[in-house]
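Novice: Provided herewith is a single structure, encoded as structure tokens, for subsequent inquiry.
The values are calculated or read from the model by the stated rules, or taken from the named source; none is laboratory data. Since the model is a prediction, treat every value here as computed from it, not as a measurement. Quick reminder, even Gly has a Cβ in these numbers, built from the backbone with ideal geometry, and neighbours come from all protein chains shown. Side chains included, ligands, DNA and RNA excluded: accessible areas come from the protein's heavy atoms. Shrake-Rupley method; radii C 1.70, N 1.55, O 1.52, S 1.80 Å.
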Amino acid sequence: IGIIMLTYIVPTLMKTFKELNLALPTPTKIVLFISDMIINNGIFLLLIIIILVGLMYFWSKSANGKNILHYLIIRIPVIGNLVKEVNSARTARSMSSLITSGVDVLEALRITKDIVQNVHYKKVIEESAQAVEKGDLISKVFHNNEKLYPSFFSEMIEVGEETGKIGEMLLGVAVYYEEDVDQRTKDMSTIIEPVLMIVIAVGVGFFAIAMISPMYSLVNAI
């Protein structure tokens, strides 16, 4: 709707305002500038956007791009914590299912590494597999990476190692984080709705002011 208005409606109004030699306020000048850019350079702008999106896509698939992008995702406020819990739940659920099914811990870690998508979590799981090969406790590896896996995760694995019930402990971890992620997602959807309404209202209000202000100037001139 915004593009249609900027392409067809705004130029007609601006032509009238210019013919009447009205002094245009700043909001109107901004809208006019955007309208001119879309009309005169629309194809060029679309081409630039497509190229940038394509470059971004291929960069995100590279090793360096994945490292940076996945790190930034973890650091995003609110969303970062949700991502951490999702990866923790996925790791716990996968390992629990595999170990409970009779798969040994080392093979379970390797399979889980392929299931987890974030490269930083993959590195932690790979370190855990290497610790198992050396005869060390995997809980230590997760404990040393509490910036990714919450302390609750490593503590439950430690209890599982001491009691010989890693599968059961990980199942409890998976259920806990899955329920928490579900609740957080519902809360975020509830918050996003009014935020989107405010953003849309601000955009519509700015456009309305930009269009109405010159009309008031015309009335005052008359």
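Novice: Contact list please: Cβ distance under 7 Å, first residue in the stretch 205-222 and at pLDDT below 70, second residue part of a loop (DSSP other than H, G, I, E, B) and surrounded by 13 or more Cβ atoms within 10 Å (Cβ to Cβ), pairs at least six apart or on different chains.
Specialist: Close Cβ pairs satisfying both conditions: Ser217/Leu22; Leu218/Leu22.
Novice: Based on what the data block shows, is Tyr57 on the phi < 0 side of the Ramachandran plot and in contact with a His (Cβ under 8 Å, 6 or more places away or on another chain)?
Specialist: no
Novice: Something else: Which count do you get for residues in the stretch 19-43 that are at pLDDT below 85 and farther than 17 Å from Met5 by Cα?
Specialist: Counting residues in the stretch 19-43 that are at pLDDT below 85 and farther than 17 Å from Met5 by Cα gives 8.
Novice: Determine whether Glu127 is open to solvent by 10 Å² or more (accessible area, probe 1.4 Å), within 23 Å of Gly65 (Cα to Cα), touching a helix residue (DSSP H, G or I) at 6+ places or on another chain (Cβ under 9 Å) and free of Cβ contacts under 8 Å to residues at least 24 places away in the same chain.
Specialist: yes
Novice: Say we look at the stretch 1-52 and pick out the residues that are small (Gly, Ala, Ser) and within 20 Å of Val202 (Cα to Cα); which of these is surrounded by the fewest Cβ atoms within 10 Å (Cβ to Cβ)?
Specialist: Gly2
Novice: Would you pick out the residues in the stretch 38-62 that are within 22 Å of Asn87 (Cα to Cα) and either β-branched (Val, Ile, Thr) or touching a residue at least 24 places away in the same chain (Cβ under 8 Å) (or both)?
Specialist: Taking the stretch 38-62 first, the residues within 22 Å of Asn87 (Cα to Cα) are 60-62.
The answer is none; no residue qualifies.
Novice: Condition check: part of a helix (DSSP H, G or I) and surrounded by 13 or more Cβ atoms within 10 Å (Cβ to Cβ). Does Tyr177 satisfy that?
Specialist: yes
Novice: If I ask for residues that are more than 19 Å from Arg184 (Cα to Cα) and open to solvent by 70 Å² or more (accessible area, probe 1.4 Å), which ones from the stretch 69-104 would you list?
Specialist: Listed by number, the residues that qualify are Tyr71, Leu72, Thr100, Ser101, Asp104.
Novice: Just to be sure, is Glu161 touching a Lys or Arg at 6+ places or on another chain (Cβ under 7 Å), open to solvent by less than 90 Å² (accessible area, probe 1.4 Å) and in a helix (DSSP H, G or I)?
Specialist: Judged against the criteria, Glu161 is not a match.
Novice: Do you know which residues across the stretch 96-114 are under 19 Å from Gly172 (Cβ atoms), over 27 Å from the mean Cα position of the chain (by Cα) and part of a helix (DSSP H, G or I)?
Specialist: Within the stretch 96-114, Ser96, Ser97, Leu98, Ile99, Thr100, Val105, Ala108 qualify.
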